[in-house]
Amino acid sequence: IEIKLEDCDSLLPSLNANSLIVSDYYRFKGKLYSINREYKTSVKLLNKAILIRENIKSGEDSVLSYLYNNQGINYLLLKNYKKAVSCFEKSLNIKELYFEENSIAFFSSYTNLGILYKKTKQFKKALNAYSKSEEIAKKNKKLSSYKYCKLLNNKANLLKNLERLDEA
């Protein structure tokens, strides 16, 4: 069965506007727009998903951490760094409530913060964020080797820019 997003749009009026189903709809649709590099539209959709989830305050609040992380990526790509860092920090704060300290859940938020800080020339903060991601990666076998290699590459490039070649 093939379902198009346009088909789902027609179902929205029949659903409770403040339901997890509607929030998930906006989340998935926002992700698709982000994949298609339509970041401004993705931001609007993810904001709707976030507002619904925050209003429900269900036991599923850990999903908010992923919504904020995805929203942070959108803002990062839109070069709105202030909003991006705010989203990544909110994501981390929520993850601290639901996951153990070195959980793999923290990896993406710290890596994204590292990327953001590097772009904004806050190299010490970038290195710290990358180091936290690396520490988490070493303690978790579930992380893909691709993501780990990408992190190490980002960190090495940063160290090279800082002329700390012996550490790169």
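The values are calculated or read from the model by the stated rules, or taken from the named source; none is laboratory data. None of the values given here were measured: they were computed from a predicted structure. Cβ placement follows ideal geometry from the backbone for every residue including glycine, while neighbour counts extend to all protein chains displayed. When the accessible area is computed, the model is the full protein with side chains, heavy atoms only, and any ligands, DNA or RNA have been set aside. Shrake-Rupley method; radii C 1.70, N 1.55, O 1.52, S 1.80 Å.
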| Which condition number in (1) under 20 Å from residue 164 (Cα atoms); (2) surrounded by fewer than 19 Cβ atoms within 10 Å (Cβ to Cβ); (3) of a type in the set (Phe, Trp, Tyr) is the one that residue 117 fails? | (2)
| message | Take residue 151 and tell me if it is at pLDDT below 95 and either within 18 Å of the chain's Cα centre (by Cα) or within 29 Å of residue 40 (Cα to Cα) (or both). | response | yes
| Among the residues of the range 120-128, is any part of a helix (DSSP H, G or I) and buried (at least 22 other Cβ atoms within 10 Å of the Cβ)? | yes
| said: For the structure I just gave you, tell me whether residue 23 is of a type outside the set (Phe, Trp, Tyr), assigned to a helix (DSSP H, G or I) and under 20 Å from residue 104 (Cα atoms). | reply: no
| Among residues of the range 69-113, those that are farther than 20 Å from residue 154 by Cβ and open to solvent by less than 20 Å² (accessible area, probe 1.4 Å), counted | 2
| said: When the residues of the range 26-61 are narrowed to those that are open to solvent by less than 50 Å² (accessible area, probe 1.4 Å) and not in a helix (DSSP H, G or I), which ends up modelled with the highest pLDDT? | reply: 61
